[in-house]
Structures are given as C-alpha cells and as structure tokens.
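Chemist: Could you have a look at this structure, given as structure tokens, before my questions?
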Amino acid sequence: MIREEYIFFDVDAASKEELLDFISEKALEFGITDSKEGLKDAFLKREEEYTDALKNFNKSLKLNPNQANIYNEIGEIYYIEKEYDKAMEYFNKALELDNDLANAYVNMGLVYDDIGELEQAINSFRKAIELAPKNAFAYYHLGKSNAEGGYYNNAIRWFSQAIKIDDEYIDAYLGSTEGKLSELLMNTNSALIK
C-alpha cells in the first residue's frame, strides 16, 4: 500500500488543471486509480462539496452566530484545504464561544503539527484529552506529535492509551510499533557509540 506521506514529486504546474492532470497521471501509473478522468472529477467534486459546505455553515452562522461547533466545522474545512491561518481563526472563535470544546483543541493540534509547532500541538492535544478523556483520536495524535519530536516512550504510552479506548484503531497500533522500533534503534545507536 502506498501512503501519501511517502510520495514526493517536484511539480511545476501553471494551473490547477495541470496539477490535477499530473496527480491523476501518477495515480494511474502507481495503480491507485484505474481512471484518470474519474479521479480528476472526484477532486473537483470534493472541492465543490467544501464550497457548498462553507456556504451552508455560513448561513447557519447568520441564524445563530453563537454556535461554537459551526465555527469548528468551518475551521476543519480550512484545515483540510491547508488554509491554516483561516482554520486557526475559526478554531479560536469556537473556543471563545465554548472553551470546553475538545474537538477545537484537537483541530488546533493538527494545525500546529502540520506546521511543525510540535510543542503547541502537544499542548493542544493534552488540553483536548483533559476535556474529553475518551478521545482516542486525540491520544493518537498526541502520540504522533511526541514521536515526531523524538519522545518515543511518551509516544508509545499515548498510542497505547488510544488502543485501550478503541482497540480497532489501526493507526495507533502502527504508531506504537514504530515508536518501539525507533526507541530500540536509538538505544542501539547509543550503545554502539559508548
């Protein structure tokens, strides 16, 4: 299985259409899709769905501007679109309205993680867990951020907690295994240096 974080290309595309052509061609080449045009259509449909969702959420806000969950949902759309500043603006507004909205803290943690602010990501995930101690997703991402920072023992602990909450959380099992291997390699390298 090809995981997206392991595929890197240097692309010089002048338009969204050129970029979609390139991605669709590579997906066909790697056997990820069997229809280049179908994949392009799916990308465009997704973009249209997000636009429609934003319109609907904004209509909802006009009717009830104090709904923290709606601000959080809008922030999620901007996060998916990698518009991190806008996403954070909406997550912060959600928290102004409801400081106990655990999902907004999780989402902020995801943004911080994506932009490489691991300490802030860890703090956001911890706050989410404080508010919602049964949130396996928050534990998983807390583990992931710890692993990215080289804190493998902590990562293993958080992945294990995610598994305790949801024993079908495959990514948590994978993260725990990767954390254990990284810790083992780090210990082996330290022993070899001595």
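Chemist: Have a look at 103, 135 and point out the one that is farther than 19 Å from residue 155 by Cα, open to solvent by 20 Å² or more (accessible area, probe 1.4 Å) and not aromatic (Phe, Trp, Tyr).
Modeler: After ruling out the rest, the residue left standing is 103.
Chemist: Scan segment 56-80 and report the pairs whose first residue is on the phi > 0 side of the Ramachandran plot and whose second residue is at pLDDT below 90 and among the aromatic types (Phe, Trp, Tyr), with Cβ atoms within less than 8 Å and a gap of 6+ or a chain change.
Modeler: none
Chemist: From 148, 119, 168, grab the single residue that is surrounded by fewer than 24 Cβ atoms within 10 Å (Cβ to Cβ), closer than 26 Å to residue 83 by Cβ and at pLDDT below 90.
Modeler: Just a single option satisfies the conditions, and that option is 148.
Chemist: Continuing with this model, one more query. For segment 22-39, how many residues meet the condition of being within 25 Å of the chain's Cα centre (by Cα) and either assigned to a loop (DSSP other than H, G, I, E, B) or not aliphatic (A, V, I, L, M) (or both)?
Modeler: 7
Chemist: Further question: For segment 88-106, which residues satisfy the criterion of being farther than 16 Å from residue 61 by Cβ and within 13 Å of the chain's Cα centre (by Cα)?
Modeler: Scanning segment 88-106 gives 103, 105, 106.
The values are calculated or read from the model by the stated rules, or taken from the named source; none is laboratory data. What you see is a predicted model, and the numbers here were worked out from it, not measured in a lab. Positions of Cβ are backbone-derived with ideal geometry, glycine not excepted, and every protein chain shown enters the neighbour counts. Ligands, DNA and RNA are excluded from the accessible area calculation, which covers all protein heavy atoms including side chains. Shrake-Rupley method; radii C 1.70, N 1.55, O 1.52, S 1.80 Å.
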